[in-house]
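Here's the structure, in structure tokens; my notes come after.
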Amino acid sequence: MNDLNITYIQADLVWENKHANLEHFERFLEQVDPDTDLILLPETFTTAFPVDPKLFAEALDGETMRWMREQARKKDAMLCGTFPLEMEGCYYNCLVCMRPDGSYELYPKRHPFSIGGEHQLVKRGEKQLIVEWRGWKLKPMVCYDIRFPIWARNRFIDGQYEYDLGFYLANFPDSRMQVWNGLLLARAIENQAYYIGVNRVGEDANGLHYSGESQVVNARGEVVSKMAPYQEGVAHCTLDADKLLRFREKFPLGPDWDGFEIEI
């Protein structure tokens, strides 16, 4: 297990304008370090949040998937972002993990933001996802998922942790930043894993403001990288594999974790 080089992008999103957003992110991607392994974009990076999926949802062979495939190939990195996706007649807020070779994994958001009516627009996902990438096991999640600790819960099976890095791609308003910051620390500590939260900035069509505060937290609950609030930008961070493994050996919580099952 080697170190993992991360790039995360904190950006303003143009409301319901896919082409403007794709062009915007292309400019950010030009700043990505050539040794980056993983690139993370905010939730609904093509449209902002929420939008009517009947108007904006794409198929698996649509423009955004082709764009992600091309960008991942160019950067020789896994590229992750969410957008409205239509599959088998249903709409999802779906997180795509696109590899450089064009293969991908899908994670439909498990917890649509029901308080804001998202559950009336998209179907909730029914599966957790663990993605193996360059020696790391990744657990992708989306925004409102952060409030549900059981869904994020790490497991210790046959002497191995189920995942090493969890991340949330989000549109999390600035009025709830205390929650965002607190829960990112909690998720990292309780799961003995690195955690990354990638959030947007700017103002949306509903008048909500976003401060971003995208950040990387280690398994000790220490913020090791954080972007300035209310500013767009590209951040790079290296996740130290040895530090994570040594901490797990020194403070082995995994064997003492309670077993559990999730009912879908």
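The values are calculated or read from the model by the stated rules, or taken from the named source; none is laboratory data. For clarity, every value in this text was computed on a predicted model and none was experimentally measured. Here Cβ is always computed from backbone atoms with ideal geometry, including for glycine, and neighbour counts include all displayed protein chains.
When the residues of region 54-79 are narrowed to those that are assigned to a loop (DSSP other than H, G, I, E, B) and on the phi < 0 side of the Ramachandran plot, which ends up surrounded by the fewest Cβ atoms within 10 Å (Cβ to Cβ)?
If we take residues in region 54-79 being assigned to a loop (DSSP other than H, G, I, E, B) and on the phi < 0 side of the Ramachandran plot, then Asp61 is surrounded by the fewest Cβ atoms within 10 Å (Cβ to Cβ).
Name the single residue, out of those in region 192-212 being in a strand (DSSP E or B) and touching a Pro at 6+ places or on another chain (Cβ under 7 Å), that is farthest from His236 (Cα to Cα).
His209
Do the conditions hold for Glu63, that is, is it over 19 Å from the mean Cα position of the chain (by Cα) and over 19 Å from Asn171 (Cα atoms)?
Against the criterion (over 19 Å from the mean Cα position of the chain (by Cα) and over 19 Å from Asn171 (Cα atoms)), Glu63 qualifies.
From the list Asn17, Asn21, Asn2, which residue is more than 17 Å from the chain's Cα centre (by Cα), polar (S, T, N, Q) and surrounded by 20 or more Cβ atoms within 10 Å (Cβ to Cβ)?
Asn21
Checking Arg66 against (1) out of contact with any Lys or Arg (no Cβ under 9 Å at 6 or more places or on another chain); (2) in contact (Cβ under 8 Å) with a residue 12 or more places away in the chain: exactly one of these is not met. Which one?
(2)
Given the criterion at pLDDT 95 or above, part of a loop (DSSP other than H, G, I, E, B), more than 12 Å from the chain's Cα centre (by Cα) and closer than 26 Å to Glu162 by Cα, identify the matching residue among Pro100, Pro34.
It is Pro100.
Being under 22 Å from His236 (Cα atoms) and surrounded by fewer than 19 Cβ atoms within 10 Å (Cβ to Cβ) narrows it down to one residue among Trp133, Trp151; which is it?
After applying the criteria, what remains is Trp133.
Answer yes if at least one residue in region 146-153 is closer than 20 Å to Asp242 by Cβ and assigned to a loop (DSSP other than H, G, I, E, B), and no otherwise.
no
Test each condition in (1) buried (at least 16 other Cβ atoms within 10 Å of the Cβ); (2) under 24 Å from Leu4 (Cβ atoms); (3) charged (D, E, K, R) for Asp204 and report the one that comes out false.
That leaves (2) as the condition not met.
Among the residues of region 173-220, which ones are aromatic (Phe, Trp, Tyr), closer than 17 Å to Ala152 by Cβ and in contact with an Asp or Glu (Cβ under 8 Å, 6 or more places away or on another chain)?
Matches in region 173-220: Trp180, Tyr194.
Cβ-Cβ below 8 Å, separation at least six or inter-chain, first residue in region 81-110 and at negative phi, second assigned to a strand (DSSP E or B) and of a type in the set (D, E, K, R): which pairs?
Listed by first residue and then by second, the contacts come to Phe83/Glu58; Pro84/Glu58; Leu85/Glu58; Glu86/Glu58; Tyr92/Glu86; Val96/Glu105; Cys97/Glu105.
Any idea which of Glu43, Glu26 is of a type in the set (Asp, Glu), modelled with pLDDT of 95 or more and crowded, with 23+ Cβ neighbours inside 10 Å?
The unique qualifying residue is Glu43.
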